[in-house]
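Structure, as structure tokens:
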Amino acid sequence: MEWRASHILVKDKAEAEELLKQVKGGASFETLAKEKSSCPSKSSGGDLGWFGPGKMVPAFETAVKQLSPGSVGDIVQTQFGYHLIKCTGRKD
């Protein structure tokens with residue numbers, strides 16, 4: 001199993017909640033990632049590419065597994081900060 005995902009990483013939970021609200025309201029995930037994310041992936045709209053089991057921190061991987069392609073999950077906290085995660089692909 002492999003997944004492809006994009007994310008927006010921020011340090012503040014309130015900011016993550018505001019960004020999630022904007023995404024759910026129709027804002028472009030990729031545009032917000034470029035403008036707001038603190039991860040180097042922001043230059044590619046938050047795209048993290050394809051990854052398999054064990055390549056991401058457990059909380060992130062667990063969240064991606066629960067998403068179907070095209071969907072955005074709830075905020076996930078890791079040691080890096082707060083993530084908004086969008087699943088963009090899945091291979092069985």
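Just so you know, all these numbers are worked out from the coordinates, no wet-lab data involved. Keep in mind the model is a prediction, meaning the values are calculated, not measured. Cβ atoms come from the backbone with ideal geometry, glycine included; neighbour counts cover every protein chain shown.
Database remark: amide H of T88 closer than 5 angstrom to the amide H of R4, A5, S6, G70 (H placed geometrically; neighbours at sequence offset of 5 or more, or on other chains; Pro and chain starts carry no H). Between K55, K34, K65, the residue with the greatest mean-square fluctuation in the GNM of the chain (Cα pairs under 10 Å linked by springs) is K55. For region 47-92, the relative contact order works out to 33 percent when only alpha carbon pairs closer than 8 Å and six or more residues apart are counted. Straight-line cross-link partners of K36 among the aspartates and glutamates, defined as a Cα under 13 Å from its Cα and at least 8 positions apart when in the same chain: D12, E15, E17, E18.
For the chain, the Cβ-based charge dipole about the Cα centre amounts to some 120 debye (Lys, Arg positive; Asp, Glu negative; other atoms uncharged).
Using a Gaussian network model of the chain in which every pair of alpha carbons under 10 angstrom is joined by a spring, one finds that among G49, G26, G81 the greatest mean-square fluctuation is at G26. In this simple spin-label approximation, E2 and A14 carry label points 7 Å from Cα along the Cα→Cβ vector, and these lie 4.1 nm apart. Dividing the convex hull volume of the alpha-carbon atoms in region 1-50 by its residue count gives 81 Å³ per residue. Listed by chain and number, the aspartates and glutamates whose alpha-carbon sits under 14 Å from that of K86, ignoring those within fewer than 8 places in the same chain, are E30, D47, E61, D74. In order along region 15-22, the phi-based Karplus estimate (6.51 cos²θ - 1.76 cosθ + 1.60, θ = phi - 60°) of 3J(HN,Hα) comes to 5, 4, 5, 5, 5, 4, 4, 5 Hz; Gly and Pro are listed as x.
Comparing V64, V23, V72 in a Gaussian network model of the chain (Cα springs below 10 Å), the most mobile by mean-square fluctuation is V23. Relative contact order of the chain: 43 percent, from C-alpha pairs under 8 Å at least 6 residues apart in sequence.
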